[in-house]
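Can you keep this structure in mind? I'll have questions shortly.
The values are calculated or read from the model by the stated rules, or taken from the named source; none is laboratory data. Here the structure is a predicted model, which is why all the values come from computation and not from measurement. Note that each Cβ is placed from the backbone with ideal geometry, even for glycine, and that neighbours are counted across all protein chains shown. The protein model used for the area step is the full one, side chains on, heavy atoms only, and it has no ligands, DNA or RNA in it. Shrake-Rupley method; radii C 1.70, N 1.55, O 1.52, S 1.80 Å.
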Amino acid sequence: MRTRLFIVLIALMAVGSYCKGQDPEPKECANGKYGYTDNAGRGVISCKYDNAGSFNEGLALVSLNGKYGYTDRTGKEIIPFKYDYAWNFVEELAVVELNDKRGYIDRAGKAVTPLKYDKAEDFDEGLAAVELNGKYGYIDRTGKEIIPLEYDKTGGFYEGQAMVELNGKCGYTDRTGKAVISLKYDEAYSFYEGLATVELNGKWGYLDRTGKVVIPLKYDEAYLYGKEIYIDKQGHEYATEEEALKAVTSQWK
């Protein structure tokens, strides 16, 4: 019989007053092109793009005639259509691709790194994984290579650590490149709420951030699940954001 272990981690989210953003939403138009509408459904950016994404950090990724660029909320094209592909801004930087090479630009369109990488990931906690000639490492938001490109596989940074793999073994590094947990596991996943799922010789268990095995590696399968509970200032718990907001707004009447 296969043994499965499920761990549910509870995340508490305080509920208070807030204002939702008023970003325009992309919409396909009758002419087959894409534009943007406001919350009332009124067109605010004309239907001229071949494709259009949602706004992220104040800019939206749009394409025209096979090239990608970025527009602001007024429809002004902030970054021209010159990339073969591009991604949303994360931590104020975006991955862009030209001639099969990738790099990063800032919100003004200025290149932060040369377009030299074969792969480039979004930033997590100020660092991003990049790959060149089959090896992975990490750069900071200035483009400086903080952790050398020497790994076969990497994950994003979560809770100050990232999963790295070399020669078929997995471990964890901190933001300076120091090995926090040695490369000895056959498979490993990112930390979540202080725990990481790891596998060795076909058995799964959990580590804490120091590398200590807190749940033995004896299970055939193991999972981490996150669950959100919303609470107000009085400590009342709500299962969904909708329930929480309904209760809070009723107190304002």
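Of the conditions (1) open to solvent by 70 Å² or more (accessible area, probe 1.4 Å); (2) more than 25 Å from the chain's Cα centre (by Cα); (3) farther than 30 Å from Thr142 by Cβ, Asn51 fails just one. Which one is it?
Result: Asn51 fails condition (2) only.
Being in contact with a strand residue (DSSP E or B) (Cβ under 6 Å, 6 or more places away or on another chain), aromatic (Phe, Trp, Tyr) and closer than 23 Å to Asp140 by Cα, is that true of even one residue in region 28-39?
no
State whether one or more residues within region 126-136 are among the charged types (D, E, K, R) and within 23 Å of Val112 (Cβ to Cβ).
Among the residues of region 126-136, at least one is among the charged types (D, E, K, R) and within 23 Å of Val112 (Cβ to Cβ), which makes the answer yes.
Do we find that Ile105 is assigned to a strand (DSSP E or B), within 30 Å of Ala196 (Cα to Cα) and free of Cβ contacts under 8 Å to residues at least 60 places away in the same chain in this structure?
no
Quick check: is even one residue across region 132-142 touching a Phe, Trp or Tyr at 6+ places or on another chain (Cβ under 9 Å), crowded, with 22+ Cβ neighbours inside 10 Å, at pLDDT 95 or above and assigned to a loop (DSSP other than H, G, I, E, B)?
No, that holds for no residue.
Taking the residues in region 208-238 that are in contact with a strand residue (DSSP E or B) (Cβ under 9 Å, 6 or more places away or on another chain), open to solvent by less than 70 Å² (accessible area, probe 1.4 Å) and modelled with pLDDT under 70 as candidates, determine which candidate is farthest from Tyr189 (Cα to Cα).
Ranking the qualifying residues of region 208-238, first place goes to Asp232.
Another question, then. What is the one condition in (1) at pLDDT 95 or above; (2) on the phi > 0 side of the Ramachandran plot that Ile79 does not satisfy?
Of (1) at pLDDT 95 or above; (2) on the phi > 0 side of the Ramachandran plot, only one is false for Ile79: (2).
A further question on this structure: Show the residue pairs that are 6+ apart or on different chains and have beta-carbon atoms under 6 Å apart, the first residue being within region 55-73 and of a type in the set (Gly, Ala, Ser), the second being part of a strand (DSSP E or B) and open to solvent by 10 Å² or more (accessible area, probe 1.4 Å).
Sorted first by the residue in region 55-73, then by its partner, the pairs are Ala60/Gly53; Ser63/Asn51; Gly69/Glu77; Gly69/Pro80; Gly69/Phe81.
Which one of Gly205, Gly177 is part of a loop (DSSP other than H, G, I, E, B) and at pLDDT 65 or above?
Testing whether each residue is part of a loop (DSSP other than H, G, I, E, B) and at pLDDT 65 or above leaves just Gly177.
If the requirement is being within 26 Å of Lys144 (Cα to Cα) and either touching a Cys at 6+ places or on another chain (Cβ under 6 Å) or touching a residue at least 24 places away in the same chain (Cβ under 8 Å) (or both), which of these qualifies: Val95, Val44?
Only one candidate passes the filter, namely Val95.
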